[in-house]
1. Looking at (1) under 30 Å from L488 (Cβ atoms); (2) of a type in the set (A, V, I, L, M); (3) in contact with a Phe, Trp or Tyr (Cβ under 9 Å, 6 or more places away or on another chain), can you tell me which one L395 breaks?
2. Residues in the stretch 119-126: is at least one part of a loop (DSSP other than H, G, I, E, B), touching a residue at least 12 places away in the same chain (Cβ under 8 Å) and of a type outside the set (A, V, I, L, M, F, W, C)?
3. If you go through the stretch 86-134 one residue at a time, how many are in contact with a helix residue (DSSP H, G or I) (Cβ under 9 Å, 6 or more places away or on another chain) and exposed (fewer than 13 other Cβ atoms within 10 Å of the Cβ)?
4. I need a count of the residues in the stretch 659-693 that are over 27 Å from M252 (Cβ atoms) and surrounded by fewer than 22 Cβ atoms within 10 Å (Cβ to Cβ).
5. Quick one: is S651 surrounded by fewer than 19 Cβ atoms within 10 Å (Cβ to Cβ) and within 20 Å of the chain's Cα centre (by Cα)?
6. Does at least one position in the stretch 153-168 carry a residue that is modelled with pLDDT of 90 or more, out of contact with any helix residue (DSSP H, G or I) (no Cβ under 8 Å at 6 or more places or on another chain) and more than 30 Å from S567 (Cβ to Cβ)?
7. Would you confirm, using the coordinates I've provided, whether R546 is open to solvent by 20 Å² or more (accessible area, probe 1.4 Å) and modelled with pLDDT under 95?
8. If you take the residues in the stretch 330-341 that are in contact (Cβ under 8 Å) with a residue 60 or more places away in the chain and assigned to a helix (DSSP H, G or I), which one is surrounded by the most Cβ atoms within 10 Å (Cβ to Cβ)?
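The values are calculated or read from the model by the stated rules, or taken from the named source; none is laboratory data. All figures in this text were calculated on a predicted structure; none of them were measured in a lab. Glycine gets a Cβ as well: all are built from the backbone with ideal geometry, and neighbour counts include every protein chain shown. These accessible areas exclude ligands, DNA and RNA; they are computed on the full protein's heavy atoms, side chains included. Shrake-Rupley method; radii C 1.70, N 1.55, O 1.52, S 1.80 Å.
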Amino acid sequence: VQWSRSCRVHPWGRTQPPGAQCGADTRRENTGLTRGQNHYISTRKQDRISVFVFRAMEAIYDVEVTTGSMTHAGTFDNIFITLIGTQGVSERAKLDSYGRDFKTGMKVKYKVITRFTLANLLLIRLEKDNLMFLPENDWFCSLVNVRTPEKDVIHFPCYRWMAEGEVIELREAKGLYTYLLLHYFFFLNKFAPVRCVFAIILWPLHWFSVNLCVPSSSSRWTEFKTGLPQHAFFQEPLSLPSVVRFSFTKDMDSAFNCSTALGEIKMKKLVKKTDQWVQMEDMKSAFWSSRTAVSEYVQLHWMDDDFFGYQLLNGSNPMMLRRCTELPLNFAVTNGMVQPFLESGTSLTLEMKQGNIFLCDYKRLADLPTQFINGKQQYVAAPLCLLYKNQVGKLLPIAIQLQQQASEDNPVFLPSDSEYDWQLAKLCVRNADCLEHQASFYLRTHLAETFTVSLMRNLPAAHPIHKLLVPHTRYTLQINTLIRNRLLGPVGAVTQSTSIGDEGMTNLIKKALSDLTYSSLCLPEDISDRGLQSIPNFFYRDDGLRLWSFINDFVRSMVEFYYQSDSDVQQDTELQDWIKEIFIHGFLEQSSTGIPQCFSTVEEVIKCVTMVIFTVSAQHSALRAGQFDYGSWFPNAPGSLKQPPPTSKGSSDKNTLLDILPDMNTSAYLVSVFWLLSKPSSDLVPLGQYPEDYFCQMAPQKKIRDFQAELSFFSESINDRNKGLQVPYTYMCPDNISNSVSI
C-alpha cells in the first residue's frame, strides 16, 4: 500500500463499527504500516469511511555503485535509481556526487532518501540517459549494494552493459526460485488479501520483465538451417543486446587476429594461388611464423603409424574411436589379411575378445554431395579404419577400406602395401576425420547457444541455476553469430575450403545430430559406451574424467544447497521450462537422444547442469584448441581431396599425394581458420573463475573457492605430467579452458 503525505482511505474500503477501538497494533495489522509512524484516525459519521492521516518519517538508504574494471566500462551519462519495496517505491533519484561518478573500476556511494521506510526491499531500477550533447557510451554496472535504515546490506549483482535509454531492474543476490519467492512475499511479509490478489496476477508477468538477461522480445528462437539446432533471433553481431556482446578488448583482439591470419597468407600471395603444391617442402614455409612445438612434431611424424593412432586418442578429434567386438558386415577385412600385423600366436578374433581391436567408422560421410573449388571437382572418402593396440600400448592402423560398400574397386589397404598406397589411404582417413571433426565441433557450439538462449528465456536472474550457468554463456551468442555468418554460411570460410561445401556440411551436421545422445554428451557414459576405459595413453579420457568429477562435485554442492528435495525440483516451473525448450529447440524433439524433457529429481538436475558446463568449457576446449597444432601441417588434416580415393593398389607415387591435396589457396584459408579458432582470447576467463559475484551467501562462495582450489591443483599435476611427454596434452588443463564458448 502506498501512502500520500496526508491521508488515505482505509485500504480495504471497510467502515468502522461504532465504538471500535483503533489501537496501534490493530492499525498496523490492517494497514501494513511500520513501527515509528504516527497514525491518526478521523471518522466521518456521514459516510463512515475510515481515513488514516500519518506523518511520514524520512528513511535514508545508502547506495554503493560499482563500475566494471574492463576497458571503457565507465560512462559520462546520467544514471538514475529507484528502490522498490513491499511498502512503497522511492522517487526516481539521480546518482550524482562531486566529479565524475562512473569511472572504470570506481565505487561511489550515494544517499537515497524516502518519506518512509520501504520495508523489505524487492528490486532496484536503474535507468541511463544521455548527458547533453556528449556521444552516448555504454556503461558496465558490476554491483549495487544498498544499506537499509534497518542496517541490512542487500546486494544487487548486475554485471552487464547498459545502453542509452535502457532500464534494468535487479533482484537481490540470494538465489530463489519463484514458488519460494511467492511464499516469502505472501506469508513472511503478510500481504493484505487485496494486495495478494494483485500480486498473484501481476508478479509472474513482472518477474520475467525484470529478471531476464535479454529482453524476451529479442531472445526469440529462429532457424539457421532446417534440421539443425535453432538459435537466437540475431542476424548480425551489432543486433545483439549489449549485455551479450564482446567487450571492447575482445572486439579489438578478434579484429587483430583476423587481420593477422589473413595478412600472412596475403603477404605470401597464397590467396590467389589456385595451383597445386609442387613439393612438400613448399608447405613448410606457409605458416612458419605461427608454428608451435606440437605442429612441428606433427610435420615430422604425420606419416608414422603410431602417431596416426595417437591422434585418434589425443588429437583435435578424439570422438570417433571405439572398441570393435565384431567386424561390420560391409568391412571386407579378413583374419588372414591382418594376421602379420598382430602379435605372434594370436588372431583377430581373439584380439577382439581381449579388447585390443578398435574401429573408426566414417559412414556419415557416405553419399554426401561435393562441390567445385577453383573450378575443380572435389571428392570425399567414407572410410573404415581398423586399429590394433599392441603389447607396448601403441595404437596402430592395420586395415583401411576407403568406401562403405565392399567391392573389387574398393580394396582393403594394409601396412604391407607400397609406401605411397598406405600413406594415401591414411591421408584419406585424415580428410574424413577433419570433416567429422568440423561437424562435431560446430554441432556442440550450436548446442551451447541452445543452452544459453533457453537460460535467458526461462530462468530469471535471481534463479540459482541461472546464476550458476550465466558465467558459462559469456560471448556465446556473438561467437555463434560470427560462425554462422563467416564460417558455415554458403560463402563461409569452412564451407568454401572443404570438399563437401555448404550443402554437404549441413547434411553432415544433421547426421551427427541424429546420432547424438545424452549419454554421448556425458563423458563417463561416452567413454564406457565406446569401450575405451582401459586403453593407455588416452589423456583426453584421463583429464576429461577428472574434470567431469570436479564439475559434478561442484554442481552437486550448489544444487543441493538450493534444492533440498525432489519436490523442490518438480515445483520449479522455470527450471522445467528451461530443459523443455532445450529438448524442443536444441534437439528438435527427438526422443531417441535421451535428452530429458523435464526434471523429476535433484540428481537429474545435477547431471544435466554438469553436462552443460562440461560441454561449453572442457569439451569445447578439447575439440577447439588443437586444430592448429594438428592441422597447420595440412597434409595431416586436408579439408578436401582433389582426386577420388584410389580404387586399386600399386598405382600411387609421391606425385599422387600432391595431386590429391587441395590447392594452395584452399589449404591456406582452412589453416587460417584453424589458427583463429585455436588462439586463446586475450581476456580469457578460465574454468572455475567467476569474476562476477552472483552469489552473496557465504556457503556458495566457499563452494566456489573449493572448486577453484581443486582445479588449480589439477592444472599443476597436468603440467608436471606433460614435462615427460613428447607431445604434451594441454587442451584440458583448467588454466587453458575458457569458462564458455567464447571462440
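1. All conditions are met except number (1).
2. Yes, the conditions are met somewhere in the stretch 119-126.
3. 0
4. Selection size over the stretch 659-693: 3.
5. Values: surrounded by fewer than 19 Cβ atoms within 10 Å (Cβ to Cβ): yes; within 20 Å of the chain's Cα centre (by Cα): no.
In short, no.
6. yes
7. It is false that R546 is open to solvent by 20 Å² or more (accessible area, probe 1.4 Å) and modelled with pLDDT under 95.
8. Looking at residues that are in contact (Cβ under 8 Å) with a residue 60 or more places away in the chain and assigned to a helix (DSSP H, G or I), I get V338.
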